[in-house]
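> Mind looking over this structure? Questions follow.
The values are calculated or read from the model by the stated rules, or taken from the named source; none is laboratory data. Here the structure is a predicted model, which means the values were calculated and not measured. So basically every Cβ, Gly included, is an ideal-geometry build from the backbone, and we count neighbours across all protein chains shown. Side chains are part of the model used for accessible areas, which takes the heavy atoms of the whole protein and leaves out ligands, DNA and RNA. Shrake-Rupley method; radii C 1.70, N 1.55, O 1.52, S 1.80 Å.
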Amino acid sequence: MRIRFLYILSFLGLTFTAIHQGVAQDKIVSVNDEALLKVRPARLLSEYGLFSDLGAQIPTEGILPYDLQVSLFTDYAHKYRFVYVPSGKTASYDETEVLKFPVGSVLIKTFAYPADFRKPDQNIRLIETRLLIHQEKGWNAWAYVWNDDQSDAVLKVAGKRLDIDWIDTSGNLRQIEYKVPNKNQCKGCHTLDKAFTPIGPKARNLNKDYAYRGGVENQLIEWTKQGVLESLPPIENVQHIPPIENENSDLNSRARAYLDINCAHCHRLRGPASTSGLFLTYGEKDPVHWGYKKRPVAAGRGSGGLSFDIDPGRPENSILHFRMHSEDPGIMMPETGRTIVHKEGLRLIHEWIEKLE
């Protein structure tokens, strides 16, 4: 029941304050800043004090929930996101890159599945909670896997594989082998200039409304009000990306936004896949760099024998489409984070390439 309630609140976008004050008054928990800054990670998620109620995902006071306009696809997992910035410190606005978070900050993301996606607020199973902690020597990532009774999550440095099944929105049984990433797999995506870095919380992806307890507010404005963010320019001057589901929005913008969050953490200048010459950041201006009639750097299985990353007007002849369509670990892209095809994302990219001239 508590998970159900959490999901409803999360869906409605209510803040931790609403949840905490309205539901969980029985326990006062504070963030364990000392544990967060230790080089050696805690064995249990509960040791950090990030949640006043772990199982219900009710965050401790001082931790804000947030959402992304476009999120990375992870086998249809639901995600609950929270941010913690230590008292007296603030994150700084950045026009194009991830916000600059101070030491001691934590980005928290819990992955979960409802038993039946037609009843998304019922029978939620928490799978793992990933922490990105900004420590003195840089960002560090730890994955915690939830125990069977959903009372706590245990550190898994080497990753883990879990059998997950659910009923999809069409009533079909879906079964996957969910992969909790190990430390090196985390680094495979979270690297910029050879340094570990977050991916999602860029201003353009946070620039959206959220239903807080006091009413709907833009997340960046709310973060500024809460003292979490500084140097925010007038919100009308902050870049904004459209949700990919909104078919009334510009197709090119939606497709580029999808590639930005799902691919550009590697495929960008200074990223792990920079040698490919394929740069998929939202602001990339050169069509050849984002794949338009661009020949691949290397042939082989990954190219599928095709000639161009994007063959305008012909999605089936485009390597980008080919790799998104594959579930072969030696071919598919992204390499980690999914085991099945994101049909909605593939459909978007298919339509985009099809209409390119």
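> Which one of these does D94 not meet: (1) among the acidic types (D, E); (2) closer than 26 Å to C266 by Cα; (3) open to solvent by 40 Å² or more (accessible area, probe 1.4 Å)?
(3)
> So, one more: Just wondering, is there one or more residues in the stretch 132-149 that are open to solvent by less than 30 Å² (accessible area, probe 1.4 Å), under 24 Å from I221 (Cα atoms), modelled with pLDDT of 95 or more and assigned to a strand (DSSP E or B)?
Within the stretch 132-149, one or more residues are open to solvent by less than 30 Å² (accessible area, probe 1.4 Å), under 24 Å from I221 (Cα atoms), modelled with pLDDT of 95 or more and assigned to a strand (DSSP E or B).
> Could you check the stretch 111-121 and list, in sequence order, the residues that are more than 20 Å from A153 (Cβ to Cβ), part of a loop (DSSP other than H, G, I, E, B) and modelled with pLDDT of 95 or more? If you could, list the steps in order and put the result at the bottom.
Initial filter on the stretch 111-121 (more than 20 Å from A153 (Cβ to Cβ)): 116-121.
From what's left, part of a loop (DSSP other than H, G, I, E, B): 117-121.
Passing the criteria: F117, R118, K119.
> Do the conditions hold for P102, that is, is it open to solvent by less than 50 Å² (accessible area, probe 1.4 Å), in a loop (DSSP other than H, G, I, E, B) and under 25 Å from W223 (Cα atoms)? Please lay out each step first, then the result.
Numbers: open to solvent by less than 50 Å² (accessible area, probe 1.4 Å): yes; in a loop (DSSP other than H, G, I, E, B): yes; under 25 Å from W223 (Cα atoms): yes.
When the stated conditions are applied, P102 passes them.
> Quick one: I319 ticks every box in (1) within 20 Å of G188 (Cα to Cα); (2) in contact with a helix residue (DSSP H, G or I) (Cβ under 9 Å, 6 or more places away or on another chain); (3) without any contact (Cβ under 8 Å) to a residue 60 or more places away in the chain except a single one, so which number is it?
Every condition holds for I319 apart from (1).
> Take the residues in the stretch 280-302 that are within 22 Å of G313 (Cβ to Cβ) and in contact with a Lys or Arg (Cβ under 9 Å, 6 or more places away or on another chain), then tell me which one is most open to solvent (accessible area, probe 1.4 Å). Lay out the reasoning, then the answer.
To start, the set of residues in the stretch 280-302 that are within 22 Å of G313 (Cβ to Cβ) comprises 280, 284-296.
Filter once more, so that each one left must be in contact with a Lys or Arg (Cβ under 9 Å, 6 or more places away or on another chain): 280, 284, 287-288, 290.
Details: L280: 3, E284: 37, P287: 56, V288: 74, W290: 25 Å².
By that ranking, first place goes to V288.
Let's see how each residue does on (1) modelled with pLDDT of 95 or more; (2) hydrophobic (A, V, I, L, M, F, W, C); (3) at positive phi:
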residue	(1), (2), (3)
E247	no, no, no
A255	yes, yes, no
F279	yes, yes, no
G304	no, no, yes
P315	yes, no, no
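> Output the residue which, of all residues in the stretch 281-302 that are more than 26 Å from the chain's Cα centre (by Cα) and of a type in the set (V, I, T), is modelled with the lowest pLDDT.
Among those that are more than 26 Å from the chain's Cα centre (by Cα) and of a type in the set (V, I, T), it is V297.
> So, in the stretch 121-131, exactly how many residues are of a type outside the set (S, T, N, Q) and open to solvent by 40 Å² or more (accessible area, probe 1.4 Å)? Write out each step before concluding.
Step one: filter the stretch 121-131 for residues of a type outside the set (S, T, N, Q), giving 121, 124-128, 130-131.
Now restrict to residues that are open to solvent by 40 Å² or more (accessible area, probe 1.4 Å): 125, 130.
Qualifying residue count, the stretch 121-131: 2.
> A further question follows. So which residues in the stretch 222-250 are hydrophobic (A, V, I, L, M, F, W, C) and touching a Leu at 6+ places or on another chain (Cβ under 7 Å), if there are any at all?
Here is the first cut: in the stretch 222-250, the residues hydrophobic (A, V, I, L, M, F, W, C) are 223, 228-229, 232, 235, 238, 241, 244.
Listed by number, the residues that qualify are W223, V228, L229, L232, I235, V238, I244.
> For the stretch 167-265, give me every one of the helices (runs of 4 or more DSSP H) that falls completely inside it and has 3 or more residues that are surrounded by fewer than 20 Cβ atoms within 10 Å (Cβ to Cβ) and free of Cβ contacts under 8 Å to residues at least 60 places away in the same chain. Lay out the reasoning, then the answer.
On the way: elements: 183-189, 203-206, 219-225, 251-262.
Of the helices (runs of 4 or more DSSP H) lying wholly inside the stretch 167-265, those with at least 3 residues that are surrounded by fewer than 20 Cβ atoms within 10 Å (Cβ to Cβ) and free of Cβ contacts under 8 Å to residues at least 60 places away in the same chain span 183-189, 219-225.
> Another question, then. Would you pick out the residues in the stretch 138-155 that are without any contact (Cβ under 8 Å) to a residue 40 or more places away in the chain and out of contact with any Asp or Glu (no Cβ under 8 Å at 6 or more places or on another chain)?
If we filter the stretch 138-155 for residues that are without any contact (Cβ under 8 Å) to a residue 40 or more places away in the chain, which is where we start, we get 145-149.
Listed by number, the residues that qualify are N147, D148, D149.
> In the list S170, S253, S249, which residue meets the criterion of being over 27 Å from F117 (Cα atoms) and hydroxyl-bearing (S, T, Y)?
Numbers: S170 fails: over 27 Å from F117 (Cα atoms); S249 fails: over 27 Å from F117 (Cα atoms).
It is S253.
> Just name the residue that is farthest from S231 (Cα to Cα) out of those in the stretch 105-141 that are small (G, A, S) and within 20 Å of the chain's Cα centre (by Cα).
At the first step, the residues of the stretch 105-141 found to be small (G, A, S) are 105, 112, 115, 138, 141.
Keeping just the survivors that are within 20 Å of the chain's Cα centre (by Cα) gives 105, 112, 138, 141.
On the way: S105: 18, A112: 34, G138: 22, A141: 27 Å.
Once the filter is applied, the top-ranked residue is A112.
> For the stretch 43-63, enumerate the residues that are open to solvent by 10 Å² or more (accessible area, probe 1.4 Å) and touching a residue at least 40 places away in the same chain (Cβ under 8 Å). Working first, answer last.
Start the filter on the stretch 43-63 by keeping residues that are open to solvent by 10 Å² or more (accessible area, probe 1.4 Å), which leaves 43-44, 46-47, 51, 53-55, 61-62.
Result: R43, L44, S46, D53, L54, G55, E61.
> Within the stretch 150-166, work out how many residues are part of a loop (DSSP other than H, G, I, E, B) and over 30 Å from K38 (Cβ atoms).
To start, the set of residues in the stretch 150-166 that are part of a loop (DSSP other than H, G, I, E, B) comprises 150-152, 156-159.
Those still in the list that are over 30 Å from K38 (Cβ atoms) too: none.
Selection size over the stretch 150-166: 0.
> Does T74 fit the bill of being part of a loop (DSSP other than H, G, I, E, B) and among the hydroxyl-bearing types (S, T, Y)? Give the steps one after another, and end with the answer.
Details: part of a loop (DSSP other than H, G, I, E, B): yes; among the hydroxyl-bearing types (S, T, Y): yes.
It is true that T74 is part of a loop (DSSP other than H, G, I, E, B) and among the hydroxyl-bearing types (S, T, Y).
> Given the criteria open to solvent by 30 Å² or more (accessible area, probe 1.4 Å) and charged (D, E, K, R), does R270 qualify? Lay out the reasoning, then the answer.
Values: open to solvent by 30 Å² or more (accessible area, probe 1.4 Å): yes; charged (D, E, K, R): yes.
For R270, the condition - open to solvent by 30 Å² or more (accessible area, probe 1.4 Å) and charged (D, E, K, R) - is met.
> Considering only the stretch 81-89, I want to know if a residue exists there that is over 25 Å from C189 (Cα atoms), among the small types (G, A, S), open to solvent by 30 Å² or more (accessible area, probe 1.4 Å) and not in a loop (DSSP other than H, G, I, E, B). Outline the logic, then answer.
We begin by selecting, within the stretch 81-89, every residue over 25 Å from C189 (Cα atoms); these are 86-89.
In the following step, the residues that additionally are among the small types (G, A, S) were identified as 87-88.
Retained after the next criterion (residues that are open to solvent by 30 Å² or more (accessible area, probe 1.4 Å)): 87-88.
Add one more test, that the residue is not in a loop (DSSP other than H, G, I, E, B), and what stays is none.
Checked the stretch 81-89: no residue is over 25 Å from C189 (Cα atoms), among the small types (G, A, S), open to solvent by 30 Å² or more (accessible area, probe 1.4 Å) and not in a loop (DSSP other than H, G, I, E, B).
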